[in-house]
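FYI, it's all coordinate maths here, none of it is from the lab. Keep in mind that what you see is a predicted model, and the values were worked out from it rather than measured. With ideal geometry, Cβ positions are generated from the backbone for all residues, glycine too; neighbour counts draw on all protein chains shown.
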Amino acid sequence: MEINFECQKCKMIFDCDVGQVLIDEKAMRPRFEKKLVCPKCGELTMDDVHLTELGQSQLTEATMDF
């Protein structure tokens, strides 16, 4: 599954193949099968990115079954 993010380090907007999307019910945050990787900065954590509007829609679509 590709989701659109904005890197908070370099402000680049990019699509990232995150694999399967799961929800961590304790933290109420998404968990991704694959690592988040900015094309410019490299590997990132969830705290290093923001979802774009498109990314929010993509994440909602990916988690509708939960």
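Just want to confirm a number: the relative contact order over the chain, from Cα pairs under 8 angstrom separated by 6+ residues, in percent.
Here the relative contact order equals 36 percent.
Output needed: Cys residues of the chain lacking any neighbouring Cys C-beta below 4.7 Å, sorted by number.
CYS10, CYS16
For the chain, what is the mean residue ellipticity at 222 nm derived from helices alone (per DSSP H run of n ≥ 4: -39500 (n - 2.57); sum divided by total residues; nearest 500 deg cm²/dmol)?
-4500 deg cm²/dmol
What is the local net charge at VAL37, summed over the other residues whose Cβ is closer than 11 Å to its Cβ (Lys, Arg +1; Asp, Glu -1)?
-1
Under 14 Å from the Cα of LYS35, which aspartates and glutamates turn up, not counting those fewer than eight places away in the same chain?
Result set, ordered by chain and number: GLU2, ASP15, ASP17, GLU43, ASP47, ASP48.
Apply the Debye scattering formula to the chain, with a single equal point scatterer on each alpha-carbon and no solvent, then give log10 I(q)/I(0) at q = 0.28 Å⁻¹.
-1.38
Just to confirm the number: angle between the C-alpha axis of helix 53-62 and the first principal axis of the chain, 0 to 90 degrees, nearest 10?
Roughly 30 degrees, rounded to the nearest 10.
Would you list, by chain and number, the lysines whose Cα falls below 20 Å from the Cα of LYS40, excluding same-chain residues fewer than 8 positions away?
Once the sequence-local lysines are set aside, what remains near LYS40 is LYS9, LYS11.
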